[in-house]
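Written out below as structure tokens is the structure these notes cover.
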Number of protein chains: 2
Amino acid sequence: MQELPLAKVYQLIEPGPVVLLTTARRGRPNVMTMSWHMMVEFTPPRIACVVSPADHSFSALRAARECVIAIPAVEMAQKVVGIGNCSGSEVDKFERFGLTTVAARSVKPPLIAECFANLECRVVNTRLVNIHSLFVLEVVQAWSDPDQPEPRTIHHTGYGRFVVDGEVITLASRMP
Amino acid sequence: MQELPLAKVYQLIEPGPVVLLTTARRGRPNVMTMSWHMMVEFTPPRIACVVSPADHSFSALRAARECVIAIPAVEMAQKVVGIGNCSGSEVDKFERFGLTTVAARSVKPPLIAECFANLECRVVNTRLVNIHSLFVLEVVQAWSDPDQPEPRTIHHTGYGRFVVDGEVITLASRMP
């Protein structure tokens, strides 16, 4: 994996792909599927996300205040669904779904080698956790996989139905 | 436009399309382009979004606490960019871009007839507005256009580059 400039992180999150979220607690990592997230700041890149108390990852995220957002391409769609349909309280999802963990540089939760991008994050705001399960994260280190230069991501529209990235159009714009 | 059940709203927002946001203040409506938004609750549907103080819409949204999220299909991409590249402080964007406004049922900001879905929203949480420009909205009424049954949305990856919805895949899943 190569270092990705932090100023480019929003270009991966703003289009709204399904992502994986890794956490770690007491030395034991876990991973969940996540679709409710958005950018809140370009630089330093900050991301808001919703992790429900019903998710096994919730307590680890709230306690350890660190996570990794790993972005899968469409080839991982079946695993992404599988990860979303079981709980880390019952299984080691990394083992079950054949995910290769890689040590992160700045946080304890692991990177996922099969994902084309990995974002190491720290929790910076928990004021809306109790009312909306909303965490604000800051990306402290970002990585991309040079062997996946043109990944197509997936976008969830409910009940296992995903729209895959299609054609690209570029229009003259002054907006970043 | 037909009423859309509120329980289906998340299926439109979760995949992360670029949307338009209408506001109104002192009887004058405005519209902006928005890409930083996410679901925070299924039912009642709640949506978090980032509207910057640099946006002309910010003061109207904070003061009137109402807005409409209108979702455009790819055919409107050129207008979506145009709307994002000028300010309501200088132009009537509805007139400039030929958008047809329709009165909403429950809020003052208008619906946009050319969009395939329109979500009437009230602001329900402003605790992160000062620090992150983050508003939490609740959708109180939703509409869809039966004449646009299979819209393809656009997802912004920066600097006027958009990924258009491509193929659809459906995988067995227990998740909503």
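Relative to the other identical copies, residue B:171 shows label-point distances of 3.2 nm, where the label point lies 7 Å from Cα along the Cβ direction and values run shortest first. Take chain B, connect every pair of alpha-carbon atoms lying under 10 Å apart with a spring to form a Gaussian network, then pick out the residue of B:18, B:102, B:50 with the largest mean-square fluctuation. The residue with the greatest mean-square fluctuation here is B:102. The same position residue B:89 in the other copies lies at 5.1 nm from this copy, comparing label points 7 Å beyond Cα toward the beta-carbon, shortest first. Cross-link partners for residue A:93 among the lysines, with Cα-Cα distance under 16 Å and sequence neighbours closer than 8 places in the same chain left out: A:79.
Structure remark: mean-square fluctuation, Gaussian network model of chain B, C-alpha springs under 10 Å; the largest value among B:134, B:20, B:119 belongs to B:134.
Computed from the coordinates by the stated procedures, all read-outs in this text should not be read as laboratory data. All values reported here derive from a predicted model rather than from experimental measurement. Ideal geometry is used to build each Cβ from the backbone, glycine not excepted, and the neighbour counts take in all protein chains shown.
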